[in-house]
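Asks: First the structure, then my questions, so here it is.
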Amino acid sequence: GPGQAEMYAGLQELGVANGEDLKETLTNCTEPLKAIEQFQTENGVLLPSLQYALPFLDLHGTPRLEFHQSVFDELREKLLERVSAIALEGKVEERYKKLEDLLEKSFSLVKMPSIQPVVMCVMKHLPKVPEKKLKLVMADKDLYKACAVEVKRQIWQDNQALFGDEVSPLLKQYILEKENVLFCNDISFLQNFFSPSPKTRRQGEVVQKLTQMIGKNVKLYDMVLQFLRTLFLRTRNVHYCTLRAELLMSLHDLEISEICTVDPCHKFTWCLDACIREKFVDNKRARELQGFLDGVKKGQEQVLGDLSMILCDPFAINTLALSTIRHLQDLVGQDTLPRESPDLLLLLRMLSLGQGAWDMIDSQVFKEPKMEAELITRFLPLLMSFVVDDHTFTVDQKLPSEEKGPIPYPSTIPEAFTKFLQENRIACEIGLYYILHITKQRNKNAFLRLLPALVETFSDLAFSDIFLHLLTGNLTLLGDEFALEEFCTSLFDGFFLTACPRKENVHRHVLRLLLHLHHKVAPAKLESFQKALEPTKQSGEAVKELYNQLTEKLELRKPSPAEVTETPSMELPLPAVPTPASR
């Protein structure tokens, strides 16, 4: 067929006879058997000792093809070993000269499946494959596929669009994996989105594949960063910021100094990575991080765009916010004001740099966002007063009560708190983490007091996936409260359901929570939630699927009608419907 002809096309250029030549010989000869014998002699393996061995193999019924094939395979293995050896020996220019000559000789046979591995091996060991050969490889889908990644890198670095096509599905996969974790059906306060260590995350498939594709090639690394910046700008999806940091640290793990030394964020990211591992910024590392920020020189401000993207990674924000809450608690104990704590001020500075990433990269104005004085002089002291309220209440509970009766927990929220959560991004982020903190402490009073402030927050942060993922996990600790209608009304009617019709993601998180806790929810409330959460025509597949799972679980809990009606004593009792233990 035409495929065969194309496959062996290169042989003629090298003066090696092929099937076409044999056909020609046989068509134009008088004694075909003699002609075949002569063709075999001229084109066979030139070893005198074989003259007698081959007829012996014939006697054993071993086809000549099989013999030639095994000799060929043996030779090819030797040749591949030789090529790899040449790539390591002698002076650099000499070895590459040898390989280039070999490539020149063998490239015409690149279509022959038996020879292709050798040609590919030669190219793989050449740091610069001739442009013409790269173009031929690029133009042929099968050849491009068969290429070693070392050769593909040489093609990619001058073909951003082609490289983009290779990287794009990986980035999609990465975002999907993140979203699957945020929406996973298992809800737990022990295991959440932020549980895996940085080292573990970097072993993920996408990070490993990208690391492999980049190798030591700075140009490709820069291209990937450019893709990530562009996608972050286009979608505002913060998971691209995580990937930016993970990729750099993955190259750091492999000690690829060619890239790490030219990325100005390397040392900062490395230090922050250690903080993320501990989920806390300690004093020593705080000094180090501050040194990097203060060390940004005039004319190099653009690095702030990169640093802000590293700080916008949810894992970084999580670490900074948790550290901020811990600092505030310490300050209450020390009777110190927020503005007197340099460590706290640094955390806020990094939070605002991270939260300002999108605006900075979008506007291309590279300067640190201004910190609002109010945040430090008014908002943080407010949070500290909540901590004090809790202490006071706890102490009051323990005092012997005189006639005055028990002191109620403060139920109103200062208006300033609600306003801060609506208007100030950093205040909102810290406020949400404070609410996660009290939920984790099972502090129901404080939780119910602050919950109304979450209905309207800065750019709806209280309805973002990361916050809801963490909140639902922590709420499992307050599981027993769900039996109280009042608690359910505050949490669902007062908060979750206010967003359900307009926000698909909230709908999903509420269904996740109910799937987990339905058996603890006050029955009257459960019925009304089931109605309120019914999917609409606009609802996506995920919502419908979760709703169906919930309905099934609730069906299983309902007693069967037979059990409800009294059975006359004459009839045999009906066996009770077994309910699976996991429900």
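Asks: Taking the condition surrounded by fewer than 19 Cβ atoms within 10 Å (Cβ to Cβ), in contact (Cβ under 8 Å) with a residue 60 or more places away in the chain and not assigned by the TED database to the domain that holds Met223, does Lys105 pass?
Replies: So Lys105 passes the test.
Here's the yes/no breakdown for (1) within 18 Å of Val238 (Cβ to Cβ); (2) in contact with a helix residue (DSSP H, G or I) (Cβ under 8 Å, 6 or more places away or on another chain):
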site	(1), (2)
Leu311	yes, yes
Ala321	yes, yes
Gln329	no, yes
Gly333	no, no
Arg339	no, yes
Pro342	no, no
Leu346	no, yes
Met350	yes, yes
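Asks: Of the residues that make up region 418-427, is at least one farther than 30 Å from Leu304 by Cβ, assigned by the TED database to the domain that holds Leu450 and open to solvent by 30 Å² or more (accessible area, probe 1.4 Å)?
Replies: Yes, some residue in region 418-427 is farther than 30 Å from Leu304 by Cβ, assigned by the TED database to the domain that holds Leu450 and open to solvent by 30 Å² or more (accessible area, probe 1.4 Å).
Asks: Turning to a different aspect of this structure: Does region 241-262 contain at least one residue that is farther than 25 Å from Asp165 by Cβ and β-branched (Val, Ile, Thr)?
Replies: Yes, region 241-262 contains at least one residue that is farther than 25 Å from Asp165 by Cβ and β-branched (Val, Ile, Thr).
Asks: Turning to a different aspect of this structure: Exactly one condition in (1) in contact with a helix residue (DSSP H, G or I) (Cβ under 8 Å, 6 or more places away or on another chain); (2) loosely packed, with under 13 Cβ neighbours inside 10 Å; (3) assigned to a loop (DSSP other than H, G, I, E, B); (4) without any contact (Cβ under 8 Å) to a residue 60 or more places away in the chain is false for Pro408; which is it?
Replies: (1)
Asks: How many of the residues making up region 233-252 are farther than 20 Å from Gly204 by Cα and part of a helix (DSSP H, G or I)?
Replies: So the answer is 3.
Asks: Ok, one more. Please go through region 332-343 and pick out each residue that is part of a helix (DSSP H, G or I), of a type outside the set (S, T, N, Q) and either more than 14 Å from Val387 (Cβ to Cβ) or open to solvent by 10 Å² or more (accessible area, probe 1.4 Å) (or both). It would help to see each step written out before you state the result.
Replies: Restricting attention to region 332-343, the residues satisfying the condition of being part of a helix (DSSP H, G or I) are 332-334, 338-340, 342-343.
Of the ones still in play, those that are also of a type outside the set (S, T, N, Q) are 332-333, 338-340, 342-343.
Across region 332-343, the qualifying residues are Val332, Gly333, Arg339, Glu340, Pro342, Asp343.
Asks: Residues in region 499-507: is at least one modelled with pLDDT under 95, open to solvent by 80 Å² or more (accessible area, probe 1.4 Å) and either more than 27 Å from Ala453 (Cα to Cα) or not assigned by the TED database to the domain that holds Leu448 (or both)?
Replies: no
Asks: Now, a different point. When you look at Lys279, is it on the phi < 0 side of the Ramachandran plot and either basic (Lys, Arg) or not assigned by the TED database to the domain that holds Ala321 (or both), yes or no?
Replies: Numbers: on the phi < 0 side of the Ramachandran plot: no; either basic (Lys, Arg) or not assigned by the TED database to the domain that holds Ala321 (or both): yes.
So Lys279 fails the test.
Conditions tested, residue by residue: (1) touching a His at 6+ places or on another chain (Cβ under 7 Å); (2) within 21 Å of Ser250 (Cβ to Cβ); (3) modelled with pLDDT under 95.
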position	(1), (2), (3)
Asp273	no, yes, no
Asn283	no, no, yes
Gln290	no, no, no
Lys298	no, no, yes
Met309	no, yes, no
Pro314	no, yes, no
Ile317	no, yes, no
Leu320	no, no, no
Val332	no, no, yes
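Asks: Do you know which of the residues in region 187-232 that are more than 15 Å from the chain's Cα centre (by Cα), part of a helix (DSSP H, G or I) and β-branched (Val, Ile, Thr) is nearest to Asp306 (Cα to Cα)?
Replies: The residue in question is Thr230.
Asks: Moving on. From the list Glu258, Glu278, which residue is among the acidic types (Asp, Glu), out of contact with any Phe, Trp or Tyr (no Cβ under 7 Å at 6 or more places or on another chain) and open to solvent by 90 Å² or more (accessible area, probe 1.4 Å)?
Replies: Only one candidate passes the filter, namely Glu278.
Asks: For region 312-326, how many residues meet the condition of being surrounded by 21 or more Cβ atoms within 10 Å (Cβ to Cβ) and without any contact (Cβ under 8 Å) to a residue 60 or more places away in the chain?
Replies: Total satisfying the criteria: 3.
Asks: Could I ask something else about it? Lys178 - would you say it is open to solvent by less than 60 Å² (accessible area, probe 1.4 Å) and either modelled with pLDDT of 95 or more or not in a helix (DSSP H, G or I) (or both)?
Replies: yes
Asks: Restricting attention to region 470-487, which residues are open to solvent by less than 10 Å² (accessible area, probe 1.4 Å) and in contact with a Phe, Trp or Tyr (Cβ under 6 Å, 6 or more places away or on another chain)?
Replies: Gly473
Asks: Look at region 184-198 and say how many of its residues are at pLDDT 95 or above and either in contact with a Ser or Thr (Cβ under 8 Å, 6 or more places away or on another chain) or open to solvent by less than 30 Å² (accessible area, probe 1.4 Å) (or both).
Replies: 3
Asks: Out of Phe417, Phe379, I need the residue that is assigned to a helix (DSSP H, G or I), without any contact (Cβ under 8 Å) to a residue 40 or more places away in the chain and among the hydrophobic types (A, V, I, L, M, F, W, C). Which one?
Replies: None of the other options fit; the residue is Phe417.
The values are calculated or read from the model by the stated rules, or taken from the named source; none is laboratory data. Only a predicted model underlies this, so the values are computations on that prediction, with no experimental measurement involved. Methodologically, a virtual Cβ is constructed for each residue, glycine included, from the backbone with ideal geometry; neighbour enumeration extends over all protein chains shown. When the accessible area is computed, the model is the full protein with side chains, heavy atoms only, and any ligands, DNA or RNA have been set aside. Shrake-Rupley method; radii C 1.70, N 1.55, O 1.52, S 1.80 Å.
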